[in-house]
Amino acid sequence: MANSAQARKRARQAVTARAHNASLRSRLRTAIKAVRKAVAKGDKTIAQVVYRSSTSVIDNIADKKIIHKNKAARHKSRLSAAIKAMA
């Protein structure tokens, strides 16, 4: 347990930050799933529109250092490749 006032405050702040980061991570996963669902449905134009909106979410979360920028780039690359592979 935290022994100093400073440590107690940091513990409180860590709980709040963790909850906020978890919600952002959830938004990221939802955005990725939305693109995967659009690709699975087979409509390329809809998939491209969803990909564009998801790209901004992915970049935004990478900018906040919730995930590494290379991980964000990898997700975007794989989603883009999945869209390009559509007939």
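Odds and ends about this structure:
- Percent accessible area from carbon and sulfur atoms, the range 45-87, protein chains only, probe 1.4 Å: 53 percent
- Taking the average, over residues, of other Cβ atoms within 10 Å as the packing measure, peptides 3-14, 28-39, 71-82 rank 28-39, 71-82, 3-14 from highest down.
- Based on C-alpha pairs under 8 angstrom that are at least 6 apart in sequence, the chain has a relative contact order of 29 percent.
- If you plug the beta carbon distance of Lys33 and Gln6 into 1/(1 + (r/R0)^6) with R0 = 35 Å, you get a FRET efficiency near 0.30.
- Distance in nm between pseudo-label sites at Ser23 and Ile46 (7 Å out along the Cβ direction from Cα): 2.9 nm
- Taking a straight line from the alpha carbon of Lys71, these lysines sit under 26 Å away, with near neighbours fewer than eight places off in the same chain left out: Lys33, Lys37, Lys41, Lys44, Lys84.
- Surface per residue (accessible, 1.4 Å probe) for the chain, Å²: 73 Å²
- The share of accessible area on the range 1-42 that comes from carbon and sulfur is 54 percent, using a 1.4 angstrom probe.
- Among (i) 24, 19, 12; (ii) 37, 11, 8; (iii) 25, 18, 15, the entry derived from the coordinates for semi-axes √(5λ) of the Cα gyration tensor in Å: (ii)
- Helical runs (DSSP H, four residues minimum) scored at -39500 (n - 2.57) apiece and divided by the length of the chain put the mean residue ellipticity at 222 nm at -29500 deg cm²/dmol.
The values are calculated or read from the model by the stated rules, or taken from the named source; none is laboratory data. Only a predicted model underlies this, so the values are computations on that prediction, with no experimental measurement involved. Methodologically, a virtual Cβ is constructed for each residue, glycine included, from the backbone with ideal geometry; neighbour enumeration extends over all protein chains shown. Only protein heavy atoms, including side chains, enter the accessible area calculation; ligands, DNA and RNA are left aside. Shrake-Rupley method; radii C 1.70, N 1.55, O 1.52, S 1.80 Å.
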